[in-house]
Every structure is written in structure tokens, then in C-alpha cells.
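A.B. asks: If you scroll down you'll find the structure; I have some questions about it.
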Amino acid sequence: MSHQGAGRVRLTEYAAGGGCACKIPPGELETLVAGLPVAAAGPDVLVGTETGDDGGVVLVRPDLAVIATADFFTPVVDDPYDFGRVAATNALSDIYAMGGTPVMAINLVGWPRGTLGTDVLAEVLRGGAEVAALAGCPLVGGHSIDDPEPKYGLAVTGTADPARLLRNDAATAGLPLTLTKPLGIGVLNTWHKRTGERSAEAITAMTELNAAAAAAATDAGLAAATDITGFGLLGHLHKMMRASGVSARIDAGSVPYLPGARDVASDGHVSGGTRRNLDWVSPSLDADGVGELDLLLLADAQTSGGLLLVGEVDLPGAVVVGEVLPPRADGVTVQVRP
């Protein structure tokens, strides 16, 4: 951990929230979407809005599916170049979480020209472009607006073999749950926003593409996955188990965390988004004997987190953190054990 250099722009000071913690709360979002009219999906829509998956998927020919997603947010780190890299990595993650390959992206920008200027934005865009190039994904344009709060991300199009899609409604009881990145990004980012201190480990985690994890999952024949972002491990796992009609057990002691995450969480550096995540999932949670700190860390709003896979993969850093179980009659989707 290091201190942000004096005299530099602190992007997080220009945003009320930060990263995926600035999402509309999951309960509010589901209520909102449920009230919208739904157009006839048609037989070629493989993944729509029904399960809240990571992207929409349409079949364009028997051996080719197209995946579409968009993700943008307010600054999660102070450095503009790092913000661009993190936001682009996070947006690409939704394609990987569906088992796809990104083939094209466009920039999404909201920028306070009068207060931050375009030189800072140029650094954000440079970071995003470098990540897209690393992913082999052409960045072919975009859209920008003058906005009092800075925002950046990508709309991404990808492709996949329809027979090898990863979905959040395909979890099967009896299989292990594998996490491919440590948790703790959210609390470390909240600490960064409040103090100016910087976690190099969090930056490294947020800028690591999930390409290798997706390839390992599809090569292993896995069918179910999601990425861990703004709704935290508990929230995304709840959505997956609910969509699949099963339940899950998380072994809290097996979950890996970034260095310093537990310390800053115990010091109170927990975002409002994380607390809303825990409130939302609590009615479907069985966590007897597990302390509040552990639950907050499990609900921590991640930005550009790892994949949560149903099944095991041969991937450095991937850790089995629990198991998919049969459905429970009491409606619990996630049980957490110490």
C-alpha cells in the first residue's frame, strides 16, 4: 500500500460513489426492470433479461452466438490512467463471464469539461485503449456527454459457441464453487477514496482480464458462471442460485482476500453499496455463527472482480470456496458456514 502523490488530481473526490458500488441497489433495480414491458424474445434470444445474467445473447447462426453488454461507472481510483484500465477491464469481464470472446467495443464517457479538462480524460481513454488492445478487442468509437460527474466504461460485443456458453441459470447441485480472484476490492477502494492511500494489490486485481478464467472454464466443459462485481459474492451467488433453482454453501474460511482488506473493513471502510447488498440478500441467507465483518466482506461491492464458476478449473489462483446444493424448502439460496 502506498500514498497517492501530492498535487495530483484525485478523481474519486468528483464522485458521490465509486466503481460498481455506485450501482442502483439490486432490490430497486429488480423492481424497476420487472415493471417494464417485455418485447417478444423469439427463439434466437438465448439469454435475455429474465435471469439478470451478465450479458444478452442472440443466436445468429447454429454455431455462432453474439453477446452484448455495457458497463460504466464513476471513478473508483484517483489516477486517471488506472481508472481507464479498471473500467475497461470491468466492462470486458461480462463477455468473459458468458464464455465469450470480445470482438468490438466503444467508449462511453460522461465528463465535467469545466472542472477536470480534457487532458485528464485523455489519460482515462489511454488506459481503456491499452486494456482493449491487450484483450485483442478493437475499440472503434464511442459516445460522450458533458456531465458534472466523471464516468467511463465500454459497450462491448462478443461472440461465443452457443454450445459452450456460461450462464447464471445453469448451476447443478453437487458441483464445487470456484472463485478466480480474491475479494476485498470494494473495501480497499473505499479506504482509498477516504484516505488517499493506494492498494497496489487492488489495482492489479482490477486490471487483470478474466480471459484466462473464461478459457479455463469453457475448456473444462463448465456451464455456469458469473462475475463478481457490484452486488458482491453473496449477491451474485444468490442471483445464480435463484435462477438455477438450487442453493449453495460458502465456506467463509476458504474465501481468499487481498492484503489489508480485513483490516480496512474492521476500521469501518465499508461502502453503502456493500451494506445494501447484505440487506438485500439477508432474507435468503442462512449464516448462523458467522460474524457481521465476514458477511460484509462477502457482500463487498467488487469492481472488476473475478469469476465465480460452478465446477473446478486448472487455473493459478482459483480457489474452491463452497458447493452447489439442492434447493431448500425454506427459500434460502445461500448458506454461509465459518
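The values are calculated or read from the model by the stated rules, or taken from the named source; none is laboratory data. Treat the numbers as computed from the prediction; the structure is a model and nothing was measured. Heads up, the Cβs are rebuilt from the backbone with ideal geometry, glycines too, and the neighbour counts pull from every protein chain shown.
A.B. asks: Go through the residues of the range 120-135 one by one and say whether even a single one is within 28 Å of Ala160 (Cα to Cα), in a loop (DSSP other than H, G, I, E, B) and in the same structural domain as Leu11 (by TED's automatic domain parsing).
C.D. replies: To start, the set of residues in the range 120-135 that are within 28 Å of Ala160 (Cα to Cα) comprises 125-135.
Subset that is in a loop (DSSP other than H, G, I, E, B): 135.
Imposing the further condition that a residue be in the same structural domain as Leu11 (by TED's automatic domain parsing) reduces the set to 135.
Within the range 120-135, one or more residues are within 28 Å of Ala160 (Cα to Cα), in a loop (DSSP other than H, G, I, E, B) and in the same structural domain as Leu11 (by TED's automatic domain parsing).
A.B. asks: Would you call Ala87 outside any strand (DSSP E or B) and touching a residue at least 12 places away in the same chain (Cβ under 8 Å)?
C.D. replies: yes
A.B. asks: I'd like to check something: does the range 241-254 contain any residue that is over 26 Å from Arg198 (Cα atoms), among the acidic types (Asp, Glu) and in a strand (DSSP E or B)?
C.D. replies: yes
A.B. asks: May I pose another question? Take the residues of the range 303-338 that are among the hydrophobic types (A, V, I, L, M, F, W, C) and buried (at least 23 other Cβ atoms within 10 Å of the Cβ): which is nearest to Thr89 (Cα to Cα)? Steps first, please.
C.D. replies: Applying the first criterion (among the hydrophobic types (A, V, I, L, M, F, W, C)) to the range 303-338 yields 307-310, 313, 315, 318-321, 324-325, 329, 332, 334, 336.
Applying the additional criterion that residues be buried (at least 23 other Cβ atoms within 10 Å of the Cβ) yields 307-310, 321, 334, 336.
Numbers: Leu307: 13, Leu308: 16, Leu309: 19, Val310: 22, Val321: 24, Val334: 28, Val336: 29 Å.
Result: Leu307.
A.B. asks: Something else about it: Here is a check on your reading of the model: is Thr218 assigned by TED's automatic domain parsing to the domain that holds Thr303 and of a type in the set (Ser, Thr, Tyr)?
C.D. replies: yes
A.B. asks: Could you tell me how many of the residues in the range 63-82 are farther than 17 Å from Gly99 by Cβ and either assigned to a strand (DSSP E or B) or not aromatic (Phe, Trp, Tyr) (or both)?
C.D. replies: Initial filter on the range 63-82 (farther than 17 Å from Gly99 by Cβ): 70-82.
Those still in the list that are either assigned to a strand (DSSP E or B) or not aromatic (Phe, Trp, Tyr) (or both) too: 70-80, 82.
Selection size over the range 63-82: 12.
A.B. asks: crowded, with 24+ Cβ neighbours inside 10 Å and not hydrophobic (A, V, I, L, M, F, W, C): which single residue out of Thr101, Thr180 fits that description?
C.D. replies: So the residue among Thr101, Thr180 that is crowded, with 24+ Cβ neighbours inside 10 Å and not hydrophobic (A, V, I, L, M, F, W, C) is Thr180.
A.B. asks: Same structure again: In the range 298-324, which residues are outside any loop (DSSP other than H, G, I, E, B) and either touching a Gly at 6+ places or on another chain (Cβ under 8 Å) or without any contact (Cβ under 8 Å) to a residue 40 or more places away in the chain (or both)? Steps first, answer last, please.
C.D. replies: Initial filter on the range 298-324 (outside any loop (DSSP other than H, G, I, E, B)): 298, 307-310, 319-324.
Result: Leu298, Glu323, Val324.
A.B. asks: Shifting gears a bit: Taking Val290 and the conditions (1) touching a Lys or Arg at 6+ places or on another chain (Cβ under 8 Å); (2) within 30 Å of Gly221 (Cβ to Cβ), which numbered condition does it fall short on, given that it satisfies the others?
C.D. replies: Only one criterion in (1) touching a Lys or Arg at 6+ places or on another chain (Cβ under 8 Å); (2) within 30 Å of Gly221 (Cβ to Cβ) is unmet by Val290, namely (2).
A.B. asks: So Thr226 clears everything in (1) under 17 Å from the mean Cα position of the chain (by Cα); (2) among the β-branched types (Val, Ile, Thr); (3) part of a helix (DSSP H, G or I) except one condition, right? Which one?
C.D. replies: That leaves (3) as the condition not met.
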